Each structure stands twice: as C-alpha cells, then as structure tokens.
1. Take segment 101-145 and flag every residue that is within 16 Å of the ligand (Cβ to nearest atom) and over 18 Å from residue 270 (Cα atoms).
2. Of everything in segment 193-252, what is among the acidic types (Asp, Glu) and closer than 26 Å to residue 154 by Cα? Give them in sequence order.
3. When only residues in segment 184-220 that are on the phi > 0 side of the Ramachandran plot and within 13 Å of the ligand (Cβ to nearest atom) count, which is least open to solvent (accessible area, probe 1.4 Å)?
4. What tally of residues in segment 236-280 results from selecting those that are of a type in the set (D, E, K, R) and either at pLDDT below 95 or closer than 20 Å to residue 46 by Cα (or both)?
5. Within segment 178-230, work out how many residues are part of a helix (DSSP H, G or I) and of a type outside the set (D, E, K, R).
6. So if I check each of 158, 172, which one is open to solvent by less than 40 Å² (accessible area, probe 1.4 Å), more than 14 Å from the ligand (Cβ to nearest atom) and not basic (Lys, Arg)?
7. How many residues are surrounded by 19 or more Cβ atoms within 10 Å (Cβ to Cβ) and more than 9 Å from the ligand (Cβ to nearest atom) if we restrict to segment 264-280?
Amino acid sequence: MALVLSGRKFARVVRSSLLERVNALSGPPPGLTVIMVGDDPASRVYVGAKEKACKKVGFNSRIVSLPEETTEGQILDLINELNSDDSVHGILVQLPLPAHVSVDRIASAVLPEKDVDGFHPVNVGRLWRGEDGLFPCTPSGIVGLLHHHQIPLSGKNALIVGRSNIVGKPMAALLLRENCTVSIAHSRTSNLIEQCRRADLLVVAVGRAEMVNADWVKPGAVVVDVGMNRNSEGKLVGDVDYNSVSSVCSAITPVPGGVGPLTIAFLLENTLLARTRLLT
Ligand code: NAP
C-alpha cells in the first residue's frame, strides 16, 4: 500500500516550528495584511482561516474588507500605503477580484519583497532564474512535503498536469530547481495518459474530479493531487482517483488532508521570510 503523504500532519510540524521561531524573535512580530474586495463567501472562509492561522503562530494579522464597488485606483492607493508601512511584512490580495479590477495590475503593485503570494512578475522571474524570492505557497508546500518525507527528486521525471500561474507553472519551476526533469501537460496535450505513465513524480492540478486512475500511473510513482472538487454526491475529492491509484503508486497525497493544508502554512513561512529579509 502506498505511503500517505499527509499535508495535515506536515502543516502541524511547520506551524509548531514557526511558533518557536516567532517566539525567539526580537523586534516586531511578522505582520500580514489581507485585502478582500467584495463579499465572496468562499473568500471569506479562506481569509478567516488565514487570520486564525496567523494568530496561532503569533503573527499580527489585519484584514481590510472593501466593498465590491471599490475602484482599482483605491485598491492601488491602499497597496501603496501598505508597501511603505514598516509594520506590514506581507501583503496578500484575496482572489477573485471583481471584474472591473485587473488582477495583473494589482499583483504588480505589491512590493516584491512583501509579495507573500509570489505572484509579482519580479518574483516569477526570480523563481525561474533560480534566485532568492517569494514563491507561490501551494507548490512551495508540496516541495516541503516531499522533502519532509525524504522523497528523492534529483534526476526524476516529473510531469505536472495543469499550467496555471498559481500552481502548474511555479510547480514546474520549483521541481526544476530540485533537479527533476520537468514536463508540463495541459488540456491540449496529446497522449496525456502515456505522458502520465512515464512520470516518476506526477503532480495533478487540473480541477476535474478523479480524472486520473490507476491506468495512468507508473507503478511505484509518487502522486501529488492538488485538485479540490465536489463529486456528484457533493463529497470533496481530488483530481486523482485515490482508491485505485494508491494501489499502484509508492506515495500519494490524500484529498482532503493532503495539499490543502499546506497553502496557509507556507503563506506563514513566506511572511516570516519576508520579515527577516526586510529587517536585515
Ligand atoms: P486552473 O487555473 O483552472 O488550471 C487548470 C489547468 O488544468 C489548466 O492549465 C488546464 O489546461 C488544465 N486542464 C484542464 N482540463 C484538462 C484536461 N482534461 N487534461 C489536461 N489538462 C487539463 O486551475 P488551478 O488554479 O491550477 O487549480 C487546479 C486545481 O487545484 C483546482 O481543483 C483547484 O481547486 C485546486 N487548487 C488547490 C489548492 C490547494 O489545495 N491549496 C490551491 C490551488 C488550486 P489549459 O491551460 O490548456 O486550459
């Protein structure tokens, strides 16, 4: 039976390490400000979870809730204020934003040194160039989880299914930094199943319930399931058919309890890292 790569357990390890490091700090605690525009119920839940996680590890957190009709200019003014506020080390703009606001312009306005989501073009460039920066939380958490379980990465064939800017592309860049041989598949990839079958490490970030089954997976491969979907019965499932795939692979992340809990844990890691760099 496959090793279960529990993100829930690893996130606990990360949080307790963060708490220790925060307690040992001299000077101000790490400060994270989350900007939320509009009243999307899912965003409200995510933002609440981020605030709770911050409190548990001794961070200062602040949520700025703005009405749906806030203009792009008003959001940019707020970001400029936060960029020059020394008590703020991390700025996160919760997505989705209302249609009249450009996600790209907002992401580019955050000071790269406070861009704890890792979406600023400067951080994207630093990631691909192999330089230090702040990198997207979900893929960073996945690499952390693989290291935590001492899964060898160097020289392995990694296939990432999905090419979003939030997961697929930064995942590819991070695995390249780990010396994997990296391929990216997407909705136009031909022979997707064959491509998947060649992978030693298969990361699936598509958003289609249980798309990948055991026939797609090389025996002994490591499988990371980023997907979060509701199946026809309303149950939370990944992009991977866990029951069939776990009978052929060597290690797998479950859904729920796999990749999901890592995102906030690594947002906190990024905020502490940003604080350290800003104050030194
Ligand atoms: P996204 O922006 O919608 O991107 C999906 C990607 O999958 C696209 O690149 C798309 O290809 C590709 N794709 C769609 N159908 C495909 C198919 N049949 N075969 C191969 N590729 C296909 O999604 P995302 O933001 O990356 O998120 C992906 C999943 O991860 C979602 O379920 C999301 O909820 C979940 N997620 C979880 C976390 C977390 O656990 N913390 C964080 C982020 C996302 P094209 O580019 O060709 O359209």
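The values are calculated or read from the model by the stated rules, or taken from the named source; none is laboratory data. All figures in this text were calculated on a predicted structure; none of them were measured in a lab. Positions of Cβ are generated from backbone atoms using ideal geometry, with glycine treated the same way; all protein chains shown enter the neighbour counts. SASA here: full protein model, heavy atoms, side chains in, ligands and nucleic acids out. Shrake-Rupley method; radii C 1.70, N 1.55, O 1.52, S 1.80 Å.
1. 103, 104
2. Taking segment 193-252 first, the residues among the acidic types (Asp, Glu) are 194, 200, 210, 215, 225, 233, 239, 241.
194, 200, 215, 225, 239 - these are the residues of segment 193-252 that are among the acidic types (Asp, Glu) and closer than 26 Å to residue 154 by Cα.
3. Keep residues of segment 184-220 that are on the phi > 0 side of the Ramachandran plot, which gives 191, 207, 210, 220.
Going one step further and asking which of them are within 13 Å of the ligand (Cβ to nearest atom), we end up with 191, 207, 210.
Numbers: 191: 93, 207: 49, 210: 79 Å².
Within segment 184-220, the match that is least open to solvent (accessible area, probe 1.4 Å) is 207.
4. Let us first name the residues in segment 236-280 that are of a type in the set (D, E, K, R), namely 239, 241, 269, 275, 277.
From what is left, the residues that are either at pLDDT below 95 or closer than 20 Å to residue 46 by Cα (or both) are 269.
The number of residues fulfilling the criteria is 1.
5. Residues of segment 178-230 part of a helix (DSSP H, G or I): 192-197, 214-216.
Now drop any that are not of a type outside the set (D, E, K, R), which leaves 192-193, 195-196, 214, 216.
Total satisfying the criteria: 6.
6. Values: 172 fails: more than 14 Å from the ligand (Cβ to nearest atom).
Every option except 158 fails the conditions.
7. From segment 264-280, those surrounded by 19 or more Cβ atoms within 10 Å (Cβ to Cβ) are 264-275; that's our starting set.
With the extra rule that they be more than 9 Å from the ligand (Cβ to nearest atom), the set shrinks to 265-275.
Final tally of qualifying residues: 11.
Each row is one residue, and each column tells you yes or no for (1) touching a Lys or Arg at 6+ places or on another chain (Cβ under 6 Å); (2) of a type outside the set (A, V, I, L, M, F, W, C); (3) near the ligand (Cβ under 10 Å from one of its atoms); (4) in a loop (DSSP other than H, G, I, E, B).
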position: 176; (1), (2), (3), (4): no, no, no, no
position: 232; (1), (2), (3), (4): no, yes, no, yes
position: 254; (1), (2), (3), (4): no, yes, no, yes
position: 257; (1), (2), (3), (4): yes, yes, no, yes
position: 262; (1), (2), (3), (4): no, no, yes, no
